[in-house]
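Asks: I'd like to ask you about the structure that follows.
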Amino acid sequence: MTRPGKPLGIPASAAGKRRSAWGQYRAATHGEIALWRVVRNELLTLLFGYVPGALGLALRRVFFPCMFRACGRKVVFGYGLAFRNACKISLGDGVILDDYSMLDAKGEGGGITLGDGVFVGRGTKIYCKGGAIRIGGRANISSQCTIYSGNSLAIGAGCMIGAYAYILSAGEYDWRDPTPYADQGGNRTAGPLEIGPDCWIGARATILDSARSIGERALIAACALVNRPVAARTAVGG
C-alpha cells in the first residue's frame, strides 16, 4: 500500500451543507461562471449533444467551442459527451473526443489541457478534483480509460494508452485516520505524476501517483500495477 500523502479537497458531506441543490449542481457542472453562460451551455448540450450522424458532428463543431477556455480548429465532438467546468478545459487543434467520453475540470486547480491531435476514446473519463491534467499532442487514449488528478498529472506527447487503463494523481484514503472514509474526501496524494513522451501503456494497466515519474518511451505491460518510478526506455509488468 502506498504511503498516505497530503490531503486535498473538501469532503463532499461538508461541501453539500453550504449550497442549495441548484448551487451544488451549478458549481459541480459549470463552475464559477455567469448565469447566462450556464444557460447557454445547458441549451447547447440539450440541442446538439445527442444529434446523431454527420449532422450532429457538424453542429457540435460550430456551437460547442464557445463553452471552453480555449478550443482549437477542427475539433471533433462525438455523440453524448459530458463536459463539466468547461470554462477550465483547453482543447488543441484536431482533438477528437469519441462518443460518451467525459471531461470534468472541477475544483480550484489548473483544469484540463489537451494538446493538438489528442484522441480520447469512447467512454473514457478525464477528470480533476482541484488538480490539473496536461496531455501532450498526439497522445492516444483508448476506450473506457479513467484519468484522474487531485494534484498534477502530465502525460507526454505521443503516448499510447490501452483500453481500461487507470491513471491517477491523488484520490486515496488514509486507513490510519479514524475519520470515516466517507468524510475524508478521498483526495490524498503522494505527489505529482509525470508520464514522459512516447510511452506505451497497456490495457488495464494502473499507474498510481506514488510512481511519481514514468520515463520517455517506457513500456507498461497490460494489467501492470505501477507504484514506483520507471526509468526511460524500460519495460515493466506484473
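The values are calculated or read from the model by the stated rules, or taken from the named source; none is laboratory data. Fair warning: this is a prediction, and the values are worked out from it, not measured in the lab. Cβ atoms come from the backbone with ideal geometry, glycine included; neighbour counts cover every protein chain shown. Note: accessible area is taken over every heavy atom of the protein model, side chains too, but ligands, DNA and RNA are not part of it. Shrake-Rupley method; radii C 1.70, N 1.55, O 1.52, S 1.80 Å.
Asks: For labels at Trp175 and Arg61 in the simple 7 Å Cα→Cβ model, what's the distance in nm?
Replies: Placing both labels 7 Å along Cα→Cβ, they lie 5.1 nm apart.
Asks: Here's another thing I want to ask about it. Rounded to whole Hz and in sequence order, give me ³J(HN,Hα) for segment 172-188 from the Karplus expression 6.51 cos²θ - 1.76 cosθ + 1.60, θ = phi - 60°, writing x for Gly and Pro.
Replies: Per-residue couplings from phi come out as 10, 10, 9, 6, 7, 7, x, 4, x, 3, 5, 9, 7, x, x, 9, 5 Hz.
Asks: If you don't mind, there's one more thing I want to ask. Scan the chain and hand back the longest stretch that contains none of the trypsin sites (Lys or Arg not before Pro) lying in DSSP loops with at most 13 other Cβ atoms within 10 Å.
Replies: For trypsin sites (Lys or Arg not before Pro) (loop position, at most 13 other Cβ atoms within 10 Å), the longest site-free span of the chain is 75-175.
Asks: Just to confirm, what accessible area per residue do you get for the chain at 1.4 Å probe, in whole Å²?
Replies: With all protein chains present, the chain gives 48 Å² per residue.
Asks: Go through Ala211, Gly191, Gly162 and say which Cα lies farthest out towards the positive end of the charge dipole of segment 146-224; charges sit on Cβ, +1 for Lys and Arg, -1 for Asp and Glu.
Replies: About the Cα centre, the residue reaching furthest to the positive side is Gly162.
Asks: What distance in nm lies between label points placed 7 Å from Cα along the C-beta direction at Ala231 and Gln24?
Replies: Those two pseudo-labels are separated by 5.0 nm.
Asks: Under the Karplus relation 6.51 cos²θ - 1.76 cosθ + 1.60, θ = phi - 60°, what is the ordered set of whole-Hz ³J(HN,Hα) values for segment 227-238, x standing for Gly and Pro?
Replies: Along segment 227-238, the couplings run 10, 8, x, 10, 6, 4, 6, 10, 9, 10, x, x Hz.
Asks: Next question. Normalising by the residue count of the chain, find the relative contact order in percent from Cα pairs under 8 Å and 6+ residues apart.
Replies: 14
Asks: What net charge is computed for the residues neighbouring Ser142, neighbours being all others with C-beta under 13 Å from the C-beta of Ser142, Lys and Arg scored +1, Asp and Glu -1?
Replies: +2
Asks: Oh, and also: With contacts defined as alpha carbon pairs under 8 Å and 6 or more residues apart, what's the relative contact order of segment 110-238 in percent?
Replies: Relative CO of segment 110-238 lands at 18 percent.
Asks: Can I ask one more? Please give me the summed charge of the neighbours of Cys87: other residues whose Cβ is under 15 Å from its Cβ, Lys and Arg +1, Asp and Glu -1.
Replies: Net charge around Cys87: +3.
Asks: Take the Cβ-Cβ distance between Arg73 and Glu216 as r, set R0 to 25 Å, and report the resulting FRET efficiency rounded to the nearest 0.05.
Replies: Once rounded, the FRET efficiency stands at 0.30.
Asks: Can I ask one more? For segment 47-115, report the % of Cα-Cα distances exceeding 17 Å.
Replies: In whole percent, the share of Cα-Cα pairs in segment 47-115 beyond 17 Å is 35.
Asks: Let me confirm the definition first: pairs of Lys residues in the chain, 8 or more apart or on different chains, C-alpha distance under 26 Å. How many are there?
Replies: So the count of such lysine pairs works out to 16.
Asks: Please sort by residue number the chymotrypsin sites (Phe, Trp or Tyr not before Pro) in segment 117-182 whose DSSP state is loop and whose Cβ has at most 14 other Cβ atoms within 10 Å.
Replies: Passing both the DSSP loop test and the Cβ count: Trp175.
Asks: Something else: Got a sec to turn the phi values of segment 212-219 into Karplus ³J(HN,Hα) couplings, 6.51 cos²θ - 1.76 cosθ + 1.60 with θ = phi - 60°, whole Hz, x for Gly and Pro?
Replies: Ordered by residue, 3J(HN,Hα) equals 6, 8, 10, x, 4, 6, 6, 10 Hz.
Asks: Roughly how many debye, to the nearest 20, is the charge dipole of segment 159-201 about its Cα centre, given +1 on each Lys and Arg Cβ, -1 on each Asp and Glu Cβ, and no other charges?
Replies: Taking the Cα centre of segment 159-201 as origin, the dipole is about 60 debye.
Asks: Shifting gears a bit: Among the chymotrypsin sites (Phe, Trp or Tyr not before Pro) in segment 57-105, which ones are in a DSSP loop with at most 10 other Cβ atoms within 10 Å of the Cβ? Mind listing them?
Replies: Loop-located and lightly packed - none at all.
Asks: Between Trp36 and Ala82, with labels modelled 7 Å along Cα→Cβ, what's the label distance in nm to one decimal, could you check?
Replies: The two pseudo-label positions are separated by 3.0 nm.
Asks: Follow-up. Take every DSSP beta bridge with both residues inside the chain and express the antiparallel ones as a percent of the total, to the nearest 5.
Replies: In the chain, approximately 5 percent of DSSP beta bridges are antiparallel ones.
Asks: How large is Rg/Rh for the chain, to two decimals, with Cα atoms and a Kirkwood Rh?
Replies: So for the chain, dividing Rg by the Kirkwood Rh gives 0.98.
Asks: Roughly speaking, to the nearest percent, how much of segment 97-207's 1.4 Å accessible area is carbon and sulfur?
Replies: With neighbouring chains kept in place, the figure for segment 97-207 is 52 percent.
Asks: Quick check for me: using +1 on Lys/Arg Cβ and -1 on Asp/Glu Cβ, what's the dipole size of segment 96-238 about its Cα centre, in debye to the nearest 20?
Replies: That gives segment 96-238 a dipole magnitude of about 300 debye.
Asks: May I ask for the distance between the Cα centers of segment 62-95 and segment 107-145, given as a whole number of Å?
Replies: With segment 62-95 and segment 107-145 each reduced to a Cα centre, they are spaced 12 Å.
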